[in-house]
Amino acid sequence: MTEKTTADNKPAVFITEIPVQPRDIDLNGHVHHSIYLDYFLAARFDQMDRCYKMSMEDILKMGFTMVARKYELEYKTPLLLNDTAVVKTWVMKIGKVHVDIGFIIESKKSGVVAVRGGARFVLIDIRIKKPVPIPLNIKEKYSVTEASRGNSKNKE
């Protein structure tokens, strides 16, 4: 059963801008499909630290790591050189051992969606190299809603 999204529980959306570089362009003259995943991951690392105030380094210091379990990308329209990828991400769901992240990558020039996607990351205990339940302190940091965002320290 899907939980109804209201203004109170709508996940906070965070934004990172990444300029398209010449090295990102493929033989067809647009951003290569694999680069969009790089943009997403760069935005997540930026936002974990800047917006959620719990970086990947912090998670590693706690003895955990986040491992990608699944990615889904739907390509809509290409990004071109001299544009900027506007990467918007949000936490869709926090499960027992995983977190699902949604994302959209838009062209800053046109505002058009280039890619829409999602990812599932599993929390791994570095010592035993197995999935473990996500601790409450991590769940709390990543459970930012649009409503709570205005009253929290997790602003962009």
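Bear in mind these aren't lab numbers, they're just calculated from the coordinates by the rules spelled out. The model shown is predicted, which means the values in this text are computed figures rather than measured ones. Cβ coordinates were reconstructed from backbone atoms using ideal geometry, including for glycine residues, and neighbour counts include every protein chain displayed.
In table form, for the structure just shown:
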{"quantity": "Estimated dipole of the chain in Debye, rounded to 20 [Cβ of Lys and Arg +1, of Asp and Glu -1, Cα centre]", "calculated": "540"}
{"quantity": "Virtual spin-label span in nm between T84 and S148, 7 Å along Cα→Cβ", "calculated": "3.0"}
{"quantity": "Sites K53 and K139 - FRET efficiency at Förster radius 22 Å, r taken between beta-carbons, to 0.05", "calculated": "0.95"}
{"quantity": "Descending semi-axes in whole angstrom, ellipsoid equivalent of the chain, from the Cα gyration tensor", "calculated": "28, 19, 14"}
{"quantity": "Difference of contour (0.36 nm per residue) and Cα-Cα distance, S110 to Y71", "calculated": "11.5 nm"}
